[in-house]
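The values are calculated or read from the model by the stated rules, or taken from the named source; none is laboratory data. What you see is a predicted model, and the numbers here were worked out from it, not measured in a lab. Glycine also receives a Cβ, built like all others from the backbone with ideal geometry; neighbour counts cover every protein chain displayed.
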Amino acid sequence: HGDSGDFDREVASVCPYCGVGCQVSFKIKDERIVRVDGANGPANENRLCVKGRFGFDYVAHPHRLTVPLIRRDDAPAKGLNVDPANPWTHFRQATWDEALDAAAGGLAGLRQAHGGASVAGFGSAKCSNEEAYLFQKLIRQGFGHNNVDHCTRLCHASSVAALMENVGSGAVTATFNEIENADIAIVIGANPVENHPVAATYFKQFAKRGGELVVMDPRGQGLKRHATHMLQFRPGTDVALLNAIMHVIVEEGLHDRQYVDGFTEGFDAFAAHIRDFAPEKMAELCGIDADTIRTVARKFAGARAGMIFWGMGISQHIHGTDNSRCLISLALLCGHVGRPGTGLHPLRGQNNVQGASDAGLIPMFLPDYQSVSNVQVRDMFAGIWGGPQVDPRPGLTVVEIIDAIDRGEIRGMYILGENPAMSDPDVDHARAALARLDHMVVQDIFLTETANYADVILPASAWPEKTGTVTNTNRQVQMGRPALTAPGQAREDWAITVALARRLGLDWTYDHPREVFAEMKASMKSLDNITWERLEAEDAVTYPCPAPDRPGAAVVFGDGFPREGGRAKLTPAQVTPPAEVPDADYPMILITGRVLEHWHTGSMTRRSGVLDAVEPQAFCTLHPRTLRAKGLQPGDLVRLTTRRGSVEVAVRADRAVSEDTVFLPFAFVESAANVLTNPQLDPFGKIPEFKFAAARVEPVAGS
Ligand code: SF4
């Protein structure tokens, strides 16, 4: 639509939604964002999806929190019962001083009475790197333990666990744009057309120019029609399918012997392990015929350059780490790592889940994945932070923290920009736990479902109102600039965390995020040669970066891996069934996920006019034959029930789901998918099994 001059100014920044990290140009008129255009960032080259282009008016929504709030003494019992448009029966307006005193006083009181480990923190993958760094520092330095986590635990924690174990680094080995140089690409357990739409445009272009696109997913999806091979395998059988593919590669001697000898360890044991996984034996379990498995194996192994992309369909299982181990082994066997057009790429979800993880917002790692159990690492941080020593014990993860509330071990929480009252598995249980906390501080831009349970609510800034860096799925650190000032008394998150830290007795003197970034560089080698000034000038720099005047590396590990001996590891994976399987009472499989227009728990996109108009209501999808068998019409109400609970929701017909499966998006509070999901955890990544639950689907009488 060109520069028609219908705006006062424009500000270069980054999209606030997904991990693709599209650069945007906010167009401002009369102190409102009136338009968003794609800018020429390294990940998007001027492209945007519907969320980036139209999902900006949430920042001006009347529900924005503009004043600090304190729970009233005569408030009703805590529950999901606050009207965000009228919170005054539950909360009263407070001054910032009063609210910060109450927030810090409550947490400090618990620290005094029950020890620092009685307080936990959930930071945010939607805030900046500097804010994530400060948040984990506040919990570690202020409360003396590592009970700090964020939503990576609910998305790619298992992928990171497998990558750390086998490759020595948790980030992608190649940018998604490298697909331009590939001959074949596998996209498995990911639905980029809806969840990483701009990345999907590169995948479609790749297929258009003749690249072999192999899509593996229990649901059909938008990439299906661009795929040369679509393997719609049975939910939960990823390890069996991938082991069968690798069986063919090793059995037929198609693996890259030179690469395996030079860059990996554990081949003999691995080869012996996958001997049992002949495609002919696995075909029935996976629902994919042996010939297809053999064809895909030969093509991937025989290609000059291949990439593997994956998403939550791989990671959100109790065998999520095993799923990722298989993908890593598959790439290593074929030598598809470390060269242009090759690589392993877990498509990261939130705009800054990569950066928040890098910044140490996880209970077992300090910034740059440096283990809390390593004494040299702890000494280094004690030196940089001016003490005290960090606790050597890994802290509790997201779901473990909720369980620790049940046991009375966690009594207080500081929650910044996360919404566990919507996003946690078995969410009725999580909500009951949050209601039991003695003291909860929530810092957010809206009165989220989680804020319903807060004692103090601190009004924060939306992404277009703040200064800070974010890191996308491609390891590109990008500069976010403020387009607007925050409404009312709302403040930038980093400034709120600093004010809270000072009231908790910490000697913090930061005046600007650039000072935080400078401190991060002292402990994070990943930021070598990347400075605030450089990001201001160049907008984005990829890490690792070899020199102050050179670009960062799109592809890494061409000359070995950051593990002892420089070799990656081939780790065998066993087939583990899902934590619960369909039976007579719960005969169907429930899969949860996202839709194009809505982002996660819906707090932003359901308050975006265009996005909410396109997709205003909750729905689930069933195969048309399943609908017919149950005597249902599209639009009818159905009741979905699992061992955790029930929700009622309108049904749509969709051939993409198989006949024994129901798909339910999780953005809608009125039929919250996580009422149904199974909280069982992957033992390594501690990620819940959002992608598989045994369920019952029944018509609602009279609907
Ligand atoms: Fe934003 Fe992701 Fe869409 Fe890009 S692809 S515009 S980063 S939501």
Could you tell me whether V24 is free of Cβ contacts under 8 Å to residues at least 60 places away in the same chain and in contact with a Cys (Cβ under 6 Å, 6 or more places away or on another chain)? yes
Filter the range 39-55 down to the residues that are out of contact with any helix residue (DSSP H, G or I) (no Cβ under 7 Å at 6 or more places or on another chain) and of a type outside the set (A, V, I, L, M, F, W, C), then identify the one that is farthest from T175 (Cα to Cα). R53
Is there a residue in the range 130-139 that is crowded, with 24+ Cβ neighbours inside 10 Å, small (G, A, S) and modelled with pLDDT of 95 or more? yes
In this structure, does K51 turn out to be closer than 30 Å to V441 by Cα, among the charged types (D, E, K, R) and within 11 Å of the ligand (Cβ to nearest atom)? yes
Scan the range 16-35 residue by residue and report those that are within 13 Å of the ligand (Cβ to nearest atom) and not aromatic (F, W, Y). P16, C18, G19, V20, G21, C22, Q23, V24, S25
For the range 52-156, which strands (runs of 3 or more DSSP E) that fit wholly inside it have 1 or more residues that are among the basic types (K, R) and more than 28 Å from the chain's Cα centre (by Cα)? 69-71, 91-93
If you scan the range 280-309, which residues turn out to be crowded, with 24+ Cβ neighbours inside 10 Å and either touching a Pro at 6+ places or on another chain (Cβ under 7 Å) or farther than 14 Å from M216 by Cβ (or both)? I293, A301
If F56 meets every condition in (1) without any contact (Cβ under 8 Å) to a residue 24 or more places away in the chain; (2) within 11 Å of the ligand (Cβ to nearest atom) apart from one, which number is that one? (1)
Might you let me know whether the range 241-253 holds any residue that is more than 16 Å from the ligand (Cβ to nearest atom), part of a helix (DSSP H, G or I), among the polar types (S, T, N, Q) and touching a residue at least 24 places away in the same chain (Cβ under 8 Å)? yes
Condition check for V697: more than 23 Å from E418 (Cα to Cα) and buried (at least 23 other Cβ atoms within 10 Å of the Cβ): no
On the given criteria, is T497 within 20 Å of the chain's Cα centre (by Cα), closer than 23 Å to S603 by Cβ and of a type in the set (S, T, Y)? no
Search result, residues across the range 592-617 that are in contact with a Gly (Cβ under 8 Å, 6 or more places away or on another chain) and away from the ligand (no atom under 16 Å from the Cβ): none
